[in-house]
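Inspection log for the structure reproduced underneath, given as structure tokens.
The values are calculated or read from the model by the stated rules, or taken from the named source; none is laboratory data. Please read these numbers as outputs of a predicted model, since none were measured by experiment. Cβ placement follows ideal geometry from the backbone for every residue including glycine, while neighbour counts extend to all protein chains displayed. Quick note on the areas: whole protein, heavy atoms, side chains included, nothing else; ligands and nucleic acids left out. Shrake-Rupley method; radii C 1.70, N 1.55, O 1.52, S 1.80 Å.
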Amino acid sequence: MEQIDNQIVKLQKIIDDSSNIVFFGGAGVSTESGIPDFRSVDGLYHQEWDYPPEVIISHSFFEANPKEFYRFYKAKLLPQGILPNKAHKKLAELEKAGKLKAVVTQNIDGLHQDAGSQTVYELHGSVLRNYCVNCGTFYDADFIRKAKDIPLCTKCGGIVKPDVVLYEEGLDDKIIRGSIDAISKADCLIIGGTSLTVQPAASLVQYFSGKHLVLINKGDVFLPSGVELVIKEKIGEVLEKIEV
């Protein structure tokens, strides 16, 4: 307990000393809201399904078997009643106070925006945005939820696809450029809720050259060079103790 208290004090000093903070987060940020991650013992990769999850959420599977794709997608990746947790809320507070300049997230749940964050780079897209693959008409998440099997465009009959990056698909260049720009200008980078194993997202950390590099993650994680502080606790429980 004394160790974590000392670490919180160090983190508070780092935040107080910083004026351009960027947060880089992964699945561990949303697990405290009840969304399972992919690689933990209780994550999606360890739950039984007709196909391995990494196969189902691939571009080729989406095209070849959209009905099974959406059966999995609606059950596992489109949860209802999920609310922002302490981590999301504290990051929004830090942004409102002018300390945090951007959130770079690997998550697709939109919880950062729900908490009030304005500048969010969603590396892997968002379940809240969906588009017809033929005509580009926009549809919200409720349209996908209410679709019986495969959601079809009401205008042209095309399949409506979530604006999420599936396996075999590349990341959005504009989002990548914005993330790199934010990270490269930061004087403090806080990495949280990620094991830093998912590429190419994790490689963005290498663009940081600022003063303070902090890592907060409950589980084991790849440690980039120059880390000043490592806190192995739940990120929400850590950030809620920070004064803005």
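Applying a threshold of 6 Å to beta carbon distances and a minimum spacing of six or more residues, or different chains, the list of pairs starting in segment 100-122 at a residue that is closer than 15 Å to Ser184 by Cα and ending at one that is open to solvent by less than 20 Å² (accessible area, probe 1.4 Å) and among the hydroxyl-bearing types (Ser, Thr, Tyr) reads Val103/Ser117; Val104/Ser179; Tyr121/Ser179. Among the residues of segment 125-144, the one identified as open to solvent by 30 Å² or more (accessible area, probe 1.4 Å), in contact with a helix residue (DSSP H, G or I) (Cβ under 9 Å, 6 or more places away or on another chain) and more than 22 Å from Lys86 (Cα to Cα) is Arg129.
Select from segment 186-203 the residues that are closer than 17 Å to Asn20 by Cβ and open to solvent by 10 Å² or more (accessible area, probe 1.4 Å) and list them in ascending order. Selection gives Asp187 alone.
In segment 145-164, how many residues are β-branched (Val, Ile, Thr) and either modelled with pLDDT under 95 or open to solvent by 70 Å² or more (accessible area, probe 1.4 Å) (or both)?
1
Looking across segment 203-244, the residues that are in a loop (DSSP other than H, G, I, E, B) and among the polar types (S, T, N, Q) come down to Ser209, Asn217, Ser225.
For segment 209-226, indicate whether the set of residues that are touching a strand residue (DSSP E or B) at 6+ places or on another chain (Cβ under 7 Å), at pLDDT 95 or above, open to solvent by 30 Å² or more (accessible area, probe 1.4 Å) and over 16 Å from Lys10 (Cα atoms) is non-empty. Looking through segment 209-226, at least one residue is touching a strand residue (DSSP E or B) at 6+ places or on another chain (Cβ under 7 Å), at pLDDT 95 or above, open to solvent by 30 Å² or more (accessible area, probe 1.4 Å) and over 16 Å from Lys10 (Cα atoms). Considering segment 27-124, the qualifying helices (runs of 4 or more DSSP H), each wholly inside and each with 3 or more residues that are under 27 Å from Glu243 (Cβ atoms) and either at pLDDT 95 or above or open to solvent by 30 Å² or more (accessible area, probe 1.4 Å) (or both), run over 86-96, 111-115.
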